[in-house]
Amino acid sequence: MEQFDIAIIGAGPAGTYAAYEAAKKGLSTVVFEEHEKIGEPVHCGECLSALSCKRLELELPQEVISMKVKGIRLIFPGKRGVFLEEPGYVLEKHKFEQHLASLGQEKEAVYKLKHRVSGMKKDNGGWQISTTQGEYFAKIAIDASGVAGAASKFLSLNPEPKKVIGLQFEMSPIESDGFIKFFLWPKLAPHGYLWIIPKNNERANVGLVTNDAPSTRKYLEQFIDEYGLQEKKKTKAFGGFIPASGPVKNTFSDGIMLIGDAAGFTSPMFEGGTSLAMASGKFAAQVATEAIAKADTSKAVLSRYELLWKAEFPVYSKLIEAKNALYNFTDAELDKIASFIPQNLTNMTPFGKAKVGAKVILNAPSLLLKGFVPAMNALSYSRAEFYGW
């Protein structure tokens, strides 16, 4: 039976980055990935802020970047838009994840493809991990299996999280002004939002997130028609479920840590997860290194992982409540809110926020009762500064 210091379940951005950090620190590391190719199929909108890369000192090779973007436009039902200048990238996500894996492989991380983890049990102070192609042993396990939450299921660590569904088409030709476009349009994305994310060669990801799974494709097709994209070519469809109830209760236990979507780490507003995934992977690798150096992989030692992510990430419980307040507004109420907000949100000062609040009090006080203030806080926490993307 092959033995490792660290076994990671899943080769998405969380798992590949954790493997890189762990291998870089000298730990023998294995990553189990159920698919034949790393990064395929793609499940997300493929956005990553420049700030996220700066935090991690991560340089992106040109081949993983589809387009450099200037920031984000937020468009309301009546088509009025506001914008935030915040540079970042639209990725070729499969190439990005393959690049992260190659960084780990250069540090001798081992990737086991077509290895679906089917069980795990405590054994001799570590884990015996069963896969579709054999048994392995590791001192510490890191669950990066995504919304599937393999460890939570195998070990009954956490109940299944609430989820929303994302669906998108890659379409062309679609012109771009260099901004990612998010649309708040309750009629076409109940309890969610829509997007047009530009890529090179006049391509774009056009999609939505909603909690109404059976109607997802219908809503997206309707948006494409109403936004005038019905003549554009659809080259592929992709998406999947996204955790939407915040971090799970137990992100660590004896000999195990949960990272990325498996831990419930997605941005509360726009469900961005790549930045959070990699940061949580870094924290887990750091704590694993400390634990193995002490020859103590107990829950008490691994509790430092929770301290690290809680100190760095936003307080999700409040933000999820705020997000729900935003999603409770009608199309007409959102258009009213849009009329009070300045077009450029990049350098919004406390005085500017107070002016917006005063306009609401004078002209639409009922919005306050429906949660205007927490809803605006939810939007502000979608910025890269707060791991929004």
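The values are calculated or read from the model by the stated rules, or taken from the named source; none is laboratory data. Since we're looking at a predicted model, the values are computed, not measured. Neighbour counts are summed over all protein chains in view; Cβ atoms, including those assigned to glycine, are modelled from backbone coordinates with ideal geometry.
Selection of the stretch 225-255 for residues being surrounded by 20 or more Cβ atoms within 10 Å (Cβ to Cβ) and over 21 Å from the mean Cα position of the chain (by Cα) yields only G255. Filtered by the rule that a residue be outside any helix (DSSP H, G or I) and within 13 Å of I320 (Cα to Cα), the stretch 351-387 gives G371, Y381, S382. Consider A322 carefully, then state whether it is out of contact with any Gly (no Cβ under 6 Å at 6 or more places or on another chain), among the hydrophobic types (A, V, I, L, M, F, W, C) and at pLDDT 95 or above. Answer is no for this residue.
Within the stretch 105-149, work out how many residues are among the aliphatic types (A, V, I, L, M) and over 22 Å from F241 (Cβ atoms). The number of residues fulfilling the criteria is 8. Residue count for the stretch 291-300 under the criterion of being surrounded by fewer than 19 Cβ atoms within 10 Å (Cβ to Cβ) and in contact (Cβ under 8 Å) with a residue 12 or more places away in the chain: the result is 2.
Checked against the criterion of being in contact with a strand residue (DSSP E or B) (Cβ under 9 Å, 6 or more places away or on another chain) and surrounded by 17 or more Cβ atoms within 10 Å (Cβ to Cβ), the candidates F313, F270 yield just one match: F270.
Of the residues in the stretch 1-47, how many are hydrophobic (A, V, I, L, M, F, W, C) and modelled with pLDDT under 95? Matching residues across the stretch 1-47 total 4. For the stretch 1-37, the candidate set comprises residues that are charged (D, E, K, R) and under 20 Å from S152 (Cα atoms); within that set, the residue that is surrounded by the most Cβ atoms within 10 Å (Cβ to Cβ) is E33. Tell me which of these V110 doesn't satisfy, since it passes every other one: (1) closer than 24 Å to L276 by Cβ; (2) touching a residue at least 60 places away in the same chain (Cβ under 8 Å); (3) buried (at least 16 other Cβ atoms within 10 Å of the Cβ). Of the numbered conditions (1) closer than 24 Å to L276 by Cβ; (2) touching a residue at least 60 places away in the same chain (Cβ under 8 Å); (3) buried (at least 16 other Cβ atoms within 10 Å of the Cβ), the odd one out for V110 is (1). Listed by position, the strands (runs of 3 or more DSSP E) inside the stretch 30-143 whose residues that are farther than 29 Å from Q286 by Cβ, under 20 Å from the mean Cα position of the chain (by Cα) and in the same structural domain as P342 (by TED's automatic domain parsing) number at least 3 form an empty set. Among the residues making up the stretch 122-140, those that are charged (D, E, K, R) and either surrounded by 21 or more Cβ atoms within 10 Å (Cβ to Cβ) or at pLDDT 95 or above (or both) are E135, K139. Among all residues of the stretch 173-185, there is at least one that is surrounded by fewer than 20 Cβ atoms within 10 Å (Cβ to Cβ), among the acidic types (D, E) and within 22 Å of E46 (Cα to Cα).
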